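Bear in mind these aren't lab numbers, they're just calculated from the coordinates by the rules spelled out. All values derive from a computational prediction rather than experimental measurement. We place every Cβ from the backbone using ideal geometry, glycine too, and count neighbours over all the protein chains shown.
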């Protein structure tokens, strides 16, 4: 069975939400490092080139603050960010909504406000690593044993642990197959 080591996600991406759901259902021994990958709107190539506030970038930057609060806070924030971003009626364009989300996850918003450019820069560094080291061009992207990267496009949510393990087995089989036989 393969060992996923990391996944690059964008909280505003429904594909990323499905990938996170799948990975979060796997047993703890398959826990992956969640890394941000910012999906730029309007042809902007990097988080540093943005010209206006971008909700996706702000959610990811808050995720980096959550990472510093420890694994439990990070996971809680990831769950909350996906839940909020994937509900059509949630107005994430309103900063009070995404800041409230972070506050409910126990994040220190004063710390975020005081050093928000640092958290956005962290997103940029992960984004650049994804592209330069692994060739990632869109989220979600699963890094397997730091040697292979798979773009994930799950057509439906994985409903339970049994299905999560089954899917991991299928992905493992694909990675073991000779390159010419992959479909």
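What number of residues in the range 6-36 are in a helix (DSSP H, G or I), buried (at least 20 other Cβ atoms within 10 Å of the Cβ) and in contact with a helix residue (DSSP H, G or I) (Cβ under 9 Å, 6 or more places away or on another chain)?
5
Within the range 95-105, can one find any residue that is touching a residue at least 40 places away in the same chain (Cβ under 8 Å), exposed (fewer than 14 other Cβ atoms within 10 Å of the Cβ), within 30 Å of residue 53 (Cα to Cα) and under 21 Å from the mean Cα position of the chain (by Cα)? Within the range 95-105, one or more residues are touching a residue at least 40 places away in the same chain (Cβ under 8 Å), exposed (fewer than 14 other Cβ atoms within 10 Å of the Cβ), within 30 Å of residue 53 (Cα to Cα) and under 21 Å from the mean Cα position of the chain (by Cα). Among the residues of the range 123-144, those identified as in contact with a helix residue (DSSP H, G or I) (Cβ under 8 Å, 6 or more places away or on another chain) and assigned to a loop (DSSP other than H, G, I, E, B) are 136, 137, 139, 140.
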